[in-house]
Amino acid sequence: MIVVEGAGKGFCGGYDLAFYGQGEIDHPCQQERHPWDPLEDYAYMRRNTDDFMSLWRSPKPTIAKVHGAAVAGGSDIALCCDLLLMAEDARIGYMPTRVWGCPTTAMWTFRLGPTRAKQLMFTGDTIDGITAKEWGLANDAVPLDQLEARTRQLADRIAAVPRSHLAMHKMVVNQVMLTMGLEQTQNLATLFDGITRHNPEGLWFRRYAQAEGFKAAVAWRDGGKPIPEGDEARDLVRELEARRKG
């Protein structure tokens with residue numbers, strides 16, 4: 001058995017987007033040079049996706065034990081585990097679907113079904129552990145002070161089964177997901193993640209974060225204000241870049 005948990009105030013808050021978004025760096029996933037190289041971006045992000053998926057491919061069952069937040073890239077880690085146990089007040093979601101991100105593991109649809117997955121990806125909202133259990137995303141949700149005991153109980157129950165049986169059962173279920181097109185969907189999602197960071201809307205988000213600070217950009221993103229699109233975003237990018245140079 002493998003139990004994955006966060007050591008701090010939450011499970012995982014995802015990538016350090018403040019560093020990438022607010023900083024003035026050139027990186028395979030945030031290229032300042034033009035034109036953007038999508039294959040360089042894809043290769044880097046695909047390695048991250050494959051690292052997350054090592055939990056899914058492991059012959060040992062994996063349990064994500066979630067307290068606090070499992071959001072953005074942190075939700076990718078949680079959803080690549082076989083089972084999900086959450087504190088009732090924990091949160092899970094992928095806020096950057098509003099702008100500047102696409103979940104590269106594409107696990108939301110496979111774990112929730114298309115309707116619920118669309119709701120979370122269209123809104124960027126998070127849900128708590130109670131809702132995650134009601135929706136069938138989490139196997140269980142308990143008060144935080146009971147999470148350790150509940151996880152241990154489930155892990156001990158699973159660990160009593162022969163390892164060979166567990167590996168075969170996991171392989172059977174995983175094969176269903178592969179037959180449904182999991183790998184092809186991840187290829188598309190990983191490519192789209194790069195596009196969301198380099199199209200006019202994504203570039204506006206980064207320039208705004210550089211000009212006003214990442215917290216201000218996130219407040220705009222998550223507060224429900226319309227995200228500038230197309231030519232409006234391009235005009236604002238030019239204004240923000242001129243302000244930086246001036």
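The values are calculated or read from the model by the stated rules, or taken from the named source; none is laboratory data. Model, not experiment: these values are computed from the prediction. A quick note on method: Cβ atoms are made from the backbone with ideal geometry, for glycine too, and the neighbour counts reach across all protein chains shown. Note: accessible area is taken over every heavy atom of the protein model, side chains too, but ligands, DNA and RNA are not part of it. Shrake-Rupley method; radii C 1.70, N 1.55, O 1.52, S 1.80 Å.
Would you mention how many residues in region 215-246 are open to solvent by 30 Å² or more (accessible area, probe 1.4 Å), farther than 18 Å from Gly124 by Cβ and modelled with pLDDT of 95 or more?
So the count comes out to 7.
Across region 149-166, what is the number of residues that are open to solvent by 90 Å² or more (accessible area, probe 1.4 Å) and of a type in the set (A, V, I, L, M, F, W, C)?
Filtering region 149-166 for residues open to solvent by 90 Å² or more (accessible area, probe 1.4 Å) gives 152-153, 157, 163.
Filter once more, keeping what is of a type in the set (A, V, I, L, M, F, W, C): none.
Qualifying residue count for the region: 0.
Please determine whether any residue of region 101-109 is without any contact (Cβ under 8 Å) to a residue 60 or more places away in the chain, open to solvent by 10 Å² or more (accessible area, probe 1.4 Å), under 13 Å from the mean Cα position of the chain (by Cα) and closer than 22 Å to Ala18 by Cβ.
No; the residues of region 101-109 include none that is without any contact (Cβ under 8 Å) to a residue 60 or more places away in the chain, open to solvent by 10 Å² or more (accessible area, probe 1.4 Å), under 13 Å from the mean Cα position of the chain (by Cα) and closer than 22 Å to Ala18 by Cβ.
Which one is most open to solvent (accessible area, probe 1.4 Å) among residues in region 167-214 that are more than 15 Å from Thr97 (Cα to Cα) and of a type in the set (Asp, Glu)?
Glu183
Going by the structure shown, is Pro59 open to solvent by 50 Å² or more (accessible area, probe 1.4 Å) and in contact (Cβ under 8 Å) with a residue 24 or more places away in the chain?
Numbers: open to solvent by 50 Å² or more (accessible area, probe 1.4 Å): yes; in contact (Cβ under 8 Å) with a residue 24 or more places away in the chain: yes.
It is true that Pro59 is open to solvent by 50 Å² or more (accessible area, probe 1.4 Å) and in contact (Cβ under 8 Å) with a residue 24 or more places away in the chain.
How about region 112-170: which of its residues are assigned to a helix (DSSP H, G or I) and either at pLDDT below 95 or among the β-branched types (Val, Ile, Thr) (or both)?
Taking region 112-170 first, the residues assigned to a helix (DSSP H, G or I) are 112, 114-123, 129-134, 144-159, 163-170.
Once the filter is applied, which keeps residues that are assigned to a helix (DSSP H, G or I) and either at pLDDT below 95 or among the β-branched types (Val, Ile, Thr) (or both), region 112-170 yields Thr115, Thr123, Ile130, Thr131, Thr151, Ile158.
For Val66, only one of the following conditions fails: (1) in contact with a strand residue (DSSP E or B) (Cβ under 9 Å, 6 or more places away or on another chain); (2) under 21 Å from Arg221 (Cβ atoms). What is its number?
Failed condition: (2).
In this structure, does Thr126 turn out to be of a type in the set (Ser, Thr, Tyr) and under 19 Å from Leu191 (Cα atoms)? Explain how you work it out, then say what you get.
Working: of a type in the set (Ser, Thr, Tyr): yes; under 19 Å from Leu191 (Cα atoms): no.
No; evaluated as a whole, the condition is false for this residue.
Conditions (1) free of Cβ contacts under 8 Å to residues at least 60 places away in the same chain; (2) in contact with a Phe, Trp or Tyr (Cβ under 7 Å, 6 or more places away or on another chain); (3) surrounded by 13 or more Cβ atoms within 10 Å (Cβ to Cβ); (4) of a type in the set (Lys, Arg), marked per residue:
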{"position": "Glu5", "(1), (2), (3), (4)": "no, yes, yes, no"}
{"position": "Phe11", "(1), (2), (3), (4)": "no, no, yes, no"}
{"position": "Asp16", "(1), (2), (3), (4)": "yes, no, no, no"}
{"position": "Gly21", "(1), (2), (3), (4)": "no, yes, yes, no"}
{"position": "His27", "(1), (2), (3), (4)": "yes, yes, yes, no"}
{"position": "Glu32", "(1), (2), (3), (4)": "yes, no, no, no"}
{"position": "Pro35", "(1), (2), (3), (4)": "yes, no, no, no"}
{"position": "Pro38", "(1), (2), (3), (4)": "no, no, yes, no"}
{"position": "Met45", "(1), (2), (3), (4)": "no, no, yes, no"}
